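A short worksheet on the structure shown next.
All of the numbers you see were taken from the coordinates with simple rules; none came from a lab. Treat the numbers as computed from the prediction; the structure is a model and nothing was measured. Note that each Cβ is placed from the backbone with ideal geometry, even for glycine, and that neighbours are counted across all protein chains shown.
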């Protein structure tokens, strides 16, 4: 049975395993002081066009989000995010655990709207009781969003402008960054991302790595003592080499871009397959997550043949489902799915 | 140059890499629901003689310590530990970040003393202002300690008895558990550890794994919703398979015990080498960390030939140094060191 | 100029000041161990019909809310509240500061609906990703609500039943409890409140005291070491006598009930005055806060004569305003307002 | 029976009660926006010689300490304090609750030593593992200390110089500030205190007020949004007038200085009385807390006649006791004590 349940069902890109094997007995210092991390940072700085970027390698998404957010916010501040943002829903309250409120904005297929952000901030400061409320301290968006959608350059610029006006750093959660950038619908590249925000991370876990997220402060703007903050949040890997080597590999010969493009190719083929059978979508996603709406009968028919996620029931008895592809999705898996349908 | 700076300078035991390769494209669910985690848990339950144990795989030491401690303590409680305990010194305040005070006890070569623990508790409750103070909620010890020393069965039982009397769970930090148990000085085995405490972890990062610590609640006594607590603390690995596979490998054919024994063999040879040259030790460690006291000249002589850690300067101008061995230490490295000396 | 801006514009009921004067040089122990606290607790236990109640005197509302909530929740839990609940909006993130998420429910004139609470909980547990989310640990309601509305006995029972079913304690924020109970619309009394929830507080600050809130665990169900939790949250008053004496006075000869009734009488007269001039209300409040909708001209006309709060602008250019009465509102103030209108 | 157990056994200075009575029905805005707070701030600014000082009125000591410390520290920082400092011992872990470690220094009759502070900081930064440890972010001292001792101007300057060198703000806990400054042993005045530190508070609770501590940032150096931080920490009093009026009264005609001087006069008389009977002292305190060492027989003799606190037992069977005087201590109480002895 082929599984489309998520984008982390396999291990790592074979090139990573190969290099892990080759370098296994090379002795390296811990905590990110190794040669792989150094090399990976150099490659990422080049790829994003930011020679002065501060880069840190962390292990997983929730950890990365709450370390960045807590590290950048003052105690009296909260983070603005879409009500469907990962930090608002699926991180078990990690942001609140670190003392901060997630201030939610309406979502549109997983995205926030610059106009609504502006309206929120205007209303906040117009309310004379605002000193009794959590102060906005940062804006969080995900690219792609939790629903697979992506922001256009114009949208990112509009959000960025408002952030600048209100002195709020903009944080882009790039857990699936490669899949967003590889989409034909994307009109931004990695350098644009680095230019348009104050901090972002390049997701490894979902894009070819065993684990690992590369946190980037593009203009050397990491908060003071961020290394200590990472340690304090339980996010410092002793054998940092594991993370360095993976990102070094992913950013050699643009492996990251290539495997992301493969995932998108597979996803668009999945989309095409469903569409060709008249099956509609909950959201028109241009990235590696597709949300076909299936009837109970269709779900039953797929059962035991391909695995996928049931996202939410609809009032009409049908279900929103999620089919995710990844760097590891095999063309034959997609064709098998096509065959069943 | 050979490095003895710490016990995490290499990657992973080759058997782990081999299995990572073999299983790489096997599709598995995330978050510890994979088949490797299931198998690893079964093997560990057997090895510790606790069929009903609750087991969780986390990524690194600081993360594991603060997740366990915060997960088991009530908000008004602190954790008792040696003043040299890792949680008291080298975790960047992770315990305090999660809201708890580390209540420190005197240390004796890194160990706490049952009598002093008892005296502390008696004095605490004898002080009528105690409701104005942090309430003791747990006892933390490390096995081996940060100075390589280990508790005897008698010592563990004495501490455990006091814990029981005062209703305090006993937590054993086993970041280097294998090296403690493999020491000829140890009179406890893994089953004893499981029997004598309320929670402990089996360190993987320092004992053959790329990363990973296996948290064990021996009597099925994990706190309610501990999975959510792990996630909230940024300690849940998406590709749990990476941890499961490693522990599954380490607990197949007692690989964990065997590679630990190798490290101890190497360490005792290092000890012997130093002793044979009349070099004394800061602490008489029976495990994989050795603390020879070197003069400035001796340090100079080794410089550029073997790497090691300078632990602390002594008033007489000499230095406490640390030479660590591990599962990966090559006999030739030790003989090379012997040759220089 | 008379002010109706809020219900804490004056000092304390004269009887309280009289007793403060009389007892000023009486030497008493600190931290709530004084004779006034003891007497106040006895009177409150009698008034609520709960001889075994645990009672603590804290200083202010936000402090009380976050001490109770953090004291009762486990670390992985959040508190369910109306999206307009004080803890969700106007406490500067105190709940999040203590590590917990406020899980918001829709509001209806400031109240939550039992059916919607049930639906929320059903949906939560039906979502198989729920272990990745903040676990609901408590339900918070305010009586009266932030909009002056009150729950009926039937509504409270319905909410309580759901809480019981899901094992969630019910917490009633009674910052204005007296004003709620004194309303002719109320069909519950103080004993009902104590019976229908797991913890509540009797607001003093807004009902005749200089400061002070009496926290009640009706069935002796205070969390273990709650005194220490209070201290840890900066909520323990050294001269607890100040709080004890005030509540002792308020609960002598039902002063609390009498002065609450006065405030309601004044509020209903205010309501009548506005209504008689054809002025509508944003919310039909039966308690001491009234929310007349005024035009810009009407606001201008009142300016400089009576003070009140502008609550929110309406799309049609009018404004929701708030006129609050209290134990201290003078009948002549209301008649002066009537005269202007 | 007269009580010398602590310095908060009575209510408030009669002048405060008088003004509370007089102003009771004056309508004032809440949250410190009232006219009393404004007047009190003006008077304090004048008394400390800092026209630009930021001043906030909080309710009690623990609350004030943890709000200031958490408000000034970054998340990765801890606060340096004597191991006997109130924040290290008797605040139920409030500092840790807000996420920060108390880094302890040796104490000398309750005081820290500038040389030891310097040595601690030098050792910290000399340890190359320091990024793995809590970063020092502030120095806390109490004046007078918990043992009644006071720092000389020279000592304060020495500590301040080190703080400046390391970029650490110096915080003076002045819960008993008046009693320290009124001591004949003091060679600093209120203006010196303001000049020599970065933040301090003027204790009201123990010096004539019902409650209240005036937090002073002498050079207008309050952290951004400190009002919100105060609210978030549950430390914002709704009826701020209660605090404003009290400090306004205490800083009118130097009432604060006068009543402090009275307490010291009483304390020195107590000291003299004990000394004249050959009774020694645990600490040579020049302020309102005296620590005579009594035998079991002497304690027995006083029992039931005067109340005092037993501080700690000595190995020789005698006890360190504490006799505290205050603004409210009656000369006849001291003479009664003298009579018994």
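Sort the protein assembly as shown into rounded, prolate or oblate with this rule: let a ≥ b ≥ c be the square roots of the eigenvalues of the Cα gyration tensor; rounded if a/c is under 1.5, and if a/c is not under 1.5, prolate when a/b is larger than b/c, oblate otherwise.
Note, shape of the protein assembly as shown comes out oblate.
Name the shape class, rounded, prolate or oblate, that the alpha-carbon gyration tensor gives for the stretch A:49-174, where a ≥ b ≥ c are the square roots of its eigenvalues, rounded holds for a/c under 1.5, and otherwise prolate holds if a/b is larger than b/c and oblate otherwise.
Rounded, because the longest to shortest axis ratio a/c is under 1.5.
Nm distances between the label at residue C:153 and the same-position labels in the remaining copies, 7 Å along Cα→Cβ, shortest first?
Between copies, matching label points for residue C:153 lie 6.7, 6.9, 7.3 nm apart.
Express in whole angstrom the spacing between the alpha-carbon centres of the stretch C:201-223 and the stretch C:278-319.
31 Å
Relative contact order for the stretch D:173-296: what is it in percent, counting Cα pairs under 8 Å that are at least 6 residues apart?
Worked out over the stretch D:173-296, it gives 25 percent.
In a GNM of chain C with a 10 Å cut-off on Cα contacts, which of C:42, C:222, C:296 has the highest mean-square fluctuation?
Maximum fluctuation in the GNM of chain C, among the listed residues, is at C:296.
Between B:113, B:254, B:173, which gets the highest mean-square fluctuation from a Gaussian network model of chain B, Cα cutoff 10 Å?
B:254
Given only helices, namely DSSP H runs of n ≥ 4 each adding -39500 (n - 2.57), what is the per-residue ellipticity at 222 nm of chain A, to the nearest 500 deg cm²/dmol?
-12000 deg cm²/dmol
How far, in nm to one decimal, is residue C:275 from itself in the other copies if the label point is set 7 angstrom along Cα toward Cβ? Shortest first, please.
Values, ascending and in nm: 6.0, 7.6, 9.5.
Please work out the C-alpha center-to-center distance from the stretch A:42-116 to the stretch B:77-106 and express it in whole Å.
Taking the Cα centre of the stretch B:77-106 as reference, the centre of the stretch A:42-116 is 28 Å away.
Copy-to-copy spacing for residue A:14, label 7 Å out on the Cα-to-C-beta vector, in nm, shortest first?
Its label point is 2.1, 9.3, 9.5 nm from the equivalent points in the other copies.
Roughly what % of DSSP beta bridges within the stretch D:26-253 run antiparallel, to the nearest 5?
40 percent
Which single residue of chain C puts its beta carbon nearest to the axis of rotation relating C to A, and what distance, in whole Å, does that give?
Here the value is C:96, 2.
May I ask what percent, to the nearest 5, of DSSP beta bridges between residues of the protein assembly as shown are antiparallel?
55 percent
What FRET efficiency, computed as 1/(1 + (r/R0)^6) with R0 = 30 Å and r the Cβ-Cβ distance, is obtained for residue B:189 and residue B:108, rounded to the nearest 0.05?
E(calc), rounded to 0.05, equals 0.80.
Among A:13, C:86, D:165, which comes first, second and so on when ranked by fewest other beta-carbon atoms within 10 Å?
Taking fewest neighbouring Cβ atoms as first place, the list is D:165, C:86, A:13.
Would you mind getting me the FRET efficiency between residue A:126 and residue C:336? Use the beta-carbon distance for r and R0 = 45 Å, nearest 0.05.
Given R0 = 45 Å and the Cβ-Cβ separation, E is 0.90.
Please compute the average number of Cβ atoms from other chains found within 10 Å of each residue's Cβ in peptide C:239-250.
Across the residues of C:239-250, the mean count of other-chain Cβ atoms within 10 Å is 2.
Considering Cα pairs under 8 angstrom that are at least six residues apart, work out the relative contact order of chain C and quote it in whole percent.
Values: 647 pairs, mean separation 86.7, N = 341.
Rounded, it is 25 percent for chain C.
Label chain C by shape, choosing from rounded, prolate and oblate, from the square roots a ≥ b ≥ c of the eigenvalues of the Cα gyration tensor; if a/c is under 1.5 it is rounded, and otherwise prolate applies when a/b is larger than b/c, oblate when it is not.
oblate
Efficiency by 1/(1 + (r/R0)^6): what FRET value for residue D:83 and residue B:277, r their Cβ-Cβ distance, R0 = 56 Å, to the nearest 0.05? Working shown, then result.
Numbers: r = 41 Å, r/R0 = 0.74.
In this case the efficiency is close to 0.85.
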